[in-house]
1. Take the residues in the stretch 28-42 that are in contact with a Lys or Arg (Cβ under 9 Å, 6 or more places away or on another chain) and small (G, A, S); name whichever of them is surrounded by the most Cβ atoms within 10 Å (Cβ to Cβ).
2. List pairs: first in the stretch 96-115 and without any contact (Cβ under 8 Å) to a residue 40 or more places away in the chain, second among the basic types (K, R), Cβ under 8 Å, 6+ apart or cross-chain?
3. Among the listed residues R71, R45, R66, which satisfies the condition of being open to solvent by 70 Å² or more (accessible area, probe 1.4 Å) and of a type in the set (K, R)?
4. Hey, can you tell me all the residues within the stretch 1-23 that are open to solvent by 30 Å² or more (accessible area, probe 1.4 Å), farther than 18 Å from D72 by Cβ and modelled with pLDDT of 95 or more?
5. Hey, does the stretch 42-60 have a residue that's under 19 Å from Q107 (Cα atoms) and β-branched (V, I, T)?
6. Can you run down the residue pairs with Cβ atoms below 6 Å, 6 or more apart or on separate chains, where the first is in the stretch 80-93 and within 12 Å of P14 (Cβ to Cβ) and free of Cβ contacts under 8 Å to residues at least 60 places away in the same chain and the partner is assigned to a strand (DSSP E or B) and open to solvent by less than 40 Å² (accessible area, probe 1.4 Å)?
Amino acid sequence: QVQLVESGGGLVQPGGSLRLSCAASLSIFSIYAMDWYRQAPGKQRELVATINSGRSTNYADSVKDRFTISRDNAKKTVYLQMNSLKPEDTAVYYCKAGLGNLNYWGQGTQVTVSS
């Protein structure tokens, strides 16, 4: 059974930083595209950042130049470094592994940005 486990969320003040991690129990992690999504209360889940097997990355406009996605294939882990956090970044953050029609989701980790 595939499991994705996120960690690193918490409460941070505006302007602060957090690093999220997502550890995956995928047998061949390196071939999967890995995404970070987030869902704020009352809003739809939105794609935040993605990194493919070739390590190409893409970001939502709202997080460009503040967030960085990276992956460590040896550790089967994807990271999301979040800097200059804003209250509007408050959400549950989910990681997703994708390969063709296969998609696996983590359970989410809460990020709250508040003074």
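The values are calculated or read from the model by the stated rules, or taken from the named source; none is laboratory data. Note that the structure is predicted; figures quoted are calculated from it, not measured. Positions of Cβ are backbone-derived with ideal geometry, glycine not excepted, and every protein chain shown enters the neighbour counts. These accessible areas exclude ligands, DNA and RNA; they are computed on the full protein's heavy atoms, side chains included. Shrake-Rupley method; radii C 1.70, N 1.55, O 1.52, S 1.80 Å.
1. A33
2. N103/K96
3. R45 is the lone residue from the list that is open to solvent by 70 Å² or more (accessible area, probe 1.4 Å) and of a type in the set (K, R).
4. Residues satisfying the conditions are G9, L11, Q13, P14, G15, S17.
5. Looking for residues that are under 19 Å from Q107 (Cα atoms) and β-branched (V, I, T), one finds at least one in the stretch 42-60, hence yes.
6. Final answer for the pair search is D89/V113; T90/V113.
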